[in-house]
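K.L.:
Just dropping this structure here.
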Amino acid sequence: MRQTPKVRDSRPLLHELGYAAWVMGRTIHKHKMIRKITFSLGRHVSSMAHGATQVRRLLHGGYVRIHPSVQEALVEGRPIVALESTIITHGIAYPLNLSMAREVEEIVRTNGAVPATVGILRGQIHVGLTDEELEFLASSKNAVKVSRRDFPFVLSQGLSGGTTVSGTMIVAHKAGIPVFVTGGIGGVHRDGENTLDVSADLTELGRTPVAVVSAGAKSILDIGRTLEYLETRGVCVAAFGESREFPAFFSRQSGFQAPYHVQDEEEAAKLIDSALGLGLSSGVLIAVPCPQERAADGQAIEEAIQQALSQARSKGITGKEVTPFLLQKLTELTDGKSLDSNLALIQNNARVGSCIAVALSKLQKARRNGSQPGRREMTTPQPVVIGGINVDFIAKAQNPEILGGGQTNAGRMRRTFGGVGRNLADCLSRLGQGPLLLSAVGKDEHLESVLHYCNHMDMSGVLQLEGKSTATYCAVVTSAGELSVGLGDMDIHHQITEQYVSQFKENLCQAPLVCIDGNVPLSTIQYVCQLAREHQVAVCYEPTDENKASKPFLSDSWKALTYISPNMQELRAINRTLGNPLPA
């Protein structure tokens, strides 16, 4: 990331650059145009008020800590997916539980939502966990299984634990998160008519308005009675996909039909939106079948369940210890096949749930804006951003010294989405401006991820090119965070040509603001600056780096710039290009 050195007094530098007074005149000339954006931002801030109030109320009690990324998404009205933590603390053994939790969070991010794993650490509820906190819960030997009844004791004693479906629903609702993804819900246990062993998940679904996305109910349960109980509690249950068959966790078939059926995430989002809009106090259950290729055979699973139940009875296992015991026994009796299905279904649920959360967010935003989805209000011209889209891979070494000679270094890898132009468009989008982004990506393995991550942005103008690679950057950093080596494949930026950009001439001429970054070819920068001068359009130039900073200054194009944001090195490069003396 480029650091911008702080300058105590920028006036001598602007004097050396030789056009400070001229820029000031341009800025005054643009004041009315920019004021439109400022006024629009004021309206947007008021629309965020409910989210901000929700966050403040939750924090006020002192029992809850909301991760900054979740807090930001709540305030801005972006899609969030709540995730439970009992699967981490009680469902899967360490270290597989940790890698599963990390992967599920990454699936949520890839599909355009913000993950909010809910857990309890040392007597405090956490909505969204850091990687260190995930590892703490995953490796904890004393974590408590926390449902509605357990919160007062666990918090008062300063204990740590994983939240169940019931517990997570409570926290998600209080935080204002309407969509929650889990593996499978609890239900009426087999022989429940005698034992009265009914999961608190079902009563929570009947009194907490949160949409739960799961692979149905766990197959160790009495699914027929579970569906009957959900009906009694007034819970809307819908199967997701092509069939109305209610899934049975590991298996795609339970032998029971769901009352309702939604084909895709848009239909699911409309269903959830209706339930929330009616103000019903009950939740919604979206039942998603396990992927066909990794689903377990129903008959084999049933035989293993009967054997596991027999062992549980003989050992006197009851209450909340039953489910973890049965799941562990199933893993042993099926030689790990049930565990493989478990991992597959939670990953699939995370993908489906994220897409539902994104679709629901779009519905809600459209209603707030007084418009229907798919219909863009064009009374106010859009800002236009022209620049690069990157997929960044950051590799951070675990040890202080990075070993050479082809040796493997222990470390942590993460993928992020960047590019200077994309970042600018992202910021403007989050400020409610809805800019048009002009850029180029390849039709490759990164395309779908980029589009999902940028689903809140207007990507309609972005080129998608066959045979080209999306721009990628790989940074290897030391354990102290210093860059060791960086590799970039940025050739696709050359495709942001004058010919391509000229297709959007009308958008450019009417835009209240055009942002352009230094990755764009020189001829394109010159074309945009010429249009801006002719039509009195404000232009913001982001130099990107020292080698690209001078592009507009190689001709008179710089005279079209209203704003520029160089760091010290870039400012020196611009002065050199203009032939100005450089201050020491």
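K.L.:
How about segment 251-271: which of its residues are assigned to a helix (DSSP H, G or I) and open to solvent by 90 Å² or more (accessible area, probe 1.4 Å)?
P.N.:
Correct list: E266, K270.
K.L.:
Within segment 127-137, can you find the residues that are open to solvent by 10 Å² or more (accessible area, probe 1.4 Å) and not polar (S, T, N, Q)? Full working, then the answer.
P.N.:
Restricting attention to segment 127-137, the residues satisfying the condition of being open to solvent by 10 Å² or more (accessible area, probe 1.4 Å) are 129-133, 135-136.
Across segment 127-137, the qualifying residues are L129, D131, E132, E133, E135, F136.
K.L.:
Okay, moving on. Considering segment 92-109 alone, what residues qualify as being open to solvent by 30 Å² or more (accessible area, probe 1.4 Å) and more than 30 Å from C427 (Cβ to Cβ)?
P.N.:
Going residue by residue through segment 92-109, those that are open to solvent by 30 Å² or more (accessible area, probe 1.4 Å) are 93-96, 99, 102-103, 106-107, 109.
Correct list: A93, Y94, P95, L96, S99.
K.L.:
Could you count how many residues in segment 317-360 are open to solvent by less than 50 Å² (accessible area, probe 1.4 Å), of a type outside the set (F, W, Y), in a helix (DSSP H, G or I) and out of contact with any strand residue (DSSP E or B) (no Cβ under 9 Å at 6 or more places or on another chain)? Walk me through it before giving the result.
P.N.:
The initial filter retains those residues of segment 317-360 that are open to solvent by less than 50 Å² (accessible area, probe 1.4 Å), namely 317, 319, 322-327, 329-331, 334, 336, 338-339, 341-350, 352-360.
Filter again for of a type outside the set (F, W, Y), leaving 317, 319, 322-324, 326-327, 329-331, 334, 336, 338-339, 341-350, 352-360.
Cutting the leftovers down to in a helix (DSSP H, G or I) gives us 319, 322-324, 326-327, 329-331, 338-339, 341-350, 352-360.
Right, trim to out of contact with any strand residue (DSSP E or B) (no Cβ under 9 Å at 6 or more places or on another chain) and you get 319, 326-327, 329-331, 338-339, 342-344, 347-348, 355, 358-359.
Final tally of qualifying residues: 16.
K.L.:
Out of (1) surrounded by 18 or more Cβ atoms within 10 Å (Cβ to Cβ); (2) free of Cβ contacts under 8 Å to residues at least 60 places away in the same chain; (3) of a type in the set (V, I, T); (4) not in a helix (DSSP H, G or I), what's the single condition that is false for V485?
P.N.:
(1)
K.L.:
Residues in segment 377-395: is at least one open to solvent by 90 Å² or more (accessible area, probe 1.4 Å) and at pLDDT 90 or above?
P.N.:
Checking segment 377-395: not a single residue is open to solvent by 90 Å² or more (accessible area, probe 1.4 Å) and at pLDDT 90 or above.
K.L.:
Moving on. Of the conditions (1) among the charged types (D, E, K, R); (2) over 29 Å from the mean Cα position of the chain (by Cα); (3) at pLDDT below 90, E482 satisfies every one except a single condition; which number is it?
P.N.:
(2)
K.L.:
In segment 230-270, how many are farther than 17 Å from G187 by Cα and in contact with a strand residue (DSSP E or B) (Cβ under 6 Å, 6 or more places away or on another chain)?
P.N.:
Total meeting the criteria: 6.
K.L.:
Restricting the search to segment 138-154, which residues are surrounded by 20 or more Cβ atoms within 10 Å (Cβ to Cβ) and either among the aromatic types (F, W, Y) or part of a loop (DSSP other than H, G, I, E, B) (or both)?
P.N.:
A143, S147, listed by residue number.
K.L.:
Do the conditions hold for S314, that is, is it open to solvent by 10 Å² or more (accessible area, probe 1.4 Å), among the small types (G, A, S) and not assigned by the TED database to the domain that holds L360?
P.N.:
Values: open to solvent by 10 Å² or more (accessible area, probe 1.4 Å): yes; among the small types (G, A, S): yes; not assigned by the TED database to the domain that holds L360: yes.
Answer is yes for this residue.
K.L.:
Next question, about the same structure. Assess whether S439 counts as being buried (at least 18 other Cβ atoms within 10 Å of the Cβ) and more than 25 Å from K396 (Cα to Cα). Lay out the reasoning, then the answer.
P.N.:
On the way: buried (at least 18 other Cβ atoms within 10 Å of the Cβ): yes; more than 25 Å from K396 (Cα to Cα): yes.
Considered against the rule, which asks whether it is buried (at least 18 other Cβ atoms within 10 Å of the Cβ) and more than 25 Å from K396 (Cα to Cα), S439 comes out as yes.
K.L.:
Just to be sure before I move on: is R252 in contact with a Pro (Cβ under 6 Å, 6 or more places away or on another chain) and more than 28 Å from H173 (Cα to Cα) in the structure I sent?
P.N.:
Details: in contact with a Pro (Cβ under 6 Å, 6 or more places away or on another chain): yes; more than 28 Å from H173 (Cα to Cα): yes.
Taking the combined requirement at face value, the residue satisfies it.
K.L.:
Here is a follow-up. Restricting the search to segment 155-184, which residues are open to solvent by 20 Å² or more (accessible area, probe 1.4 Å) and not polar (S, T, N, Q)?
P.N.:
L155, G158, L159, I170, H173, K174, G176, P178
K.L.:
Any chance segment 537-545 includes a residue that's open to solvent by 50 Å² or more (accessible area, probe 1.4 Å) and outside any loop (DSSP other than H, G, I, E, B)?
P.N.:
No, that holds for no residue.
K.L.:
Filter segment 117-137 down to the residues that are assigned to a loop (DSSP other than H, G, I, E, B) and of a type in the set (D, E, K, R) and list them by number.
P.N.:
Hit for segment 117-137 is R122, nothing else.
Yes or no, residue by residue, for (1) among the hydroxyl-bearing types (S, T, Y); (2) open to solvent by 40 Å² or more (accessible area, probe 1.4 Å); (3) in a loop (DSSP other than H, G, I, E, B); (4) more than 16 Å from V420 (Cβ to Cβ):
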| residue | (1), (2), (3), (4) |
| --- | --- |
| N507 | no, yes, no, yes |
| I516 | no, no, no, no |
| E534 | no, yes, no, yes |
| A549 | no, no, yes, no |
| P552 | no, no, no, no |
| K559 | no, yes, no, yes |
| R576 | no, yes, no, yes |
| P581 | no, yes, yes, yes |
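The values are calculated or read from the model by the stated rules, or taken from the named source; none is laboratory data. All of these numbers come straight from a predicted model, not from anything done at the bench. Note that each Cβ is placed from the backbone with ideal geometry, even for glycine, and that neighbours are counted across all protein chains shown. The protein model used for the area step is the full one, side chains on, heavy atoms only, and it has no ligands, DNA or RNA in it. Shrake-Rupley method; radii C 1.70, N 1.55, O 1.52, S 1.80 Å.
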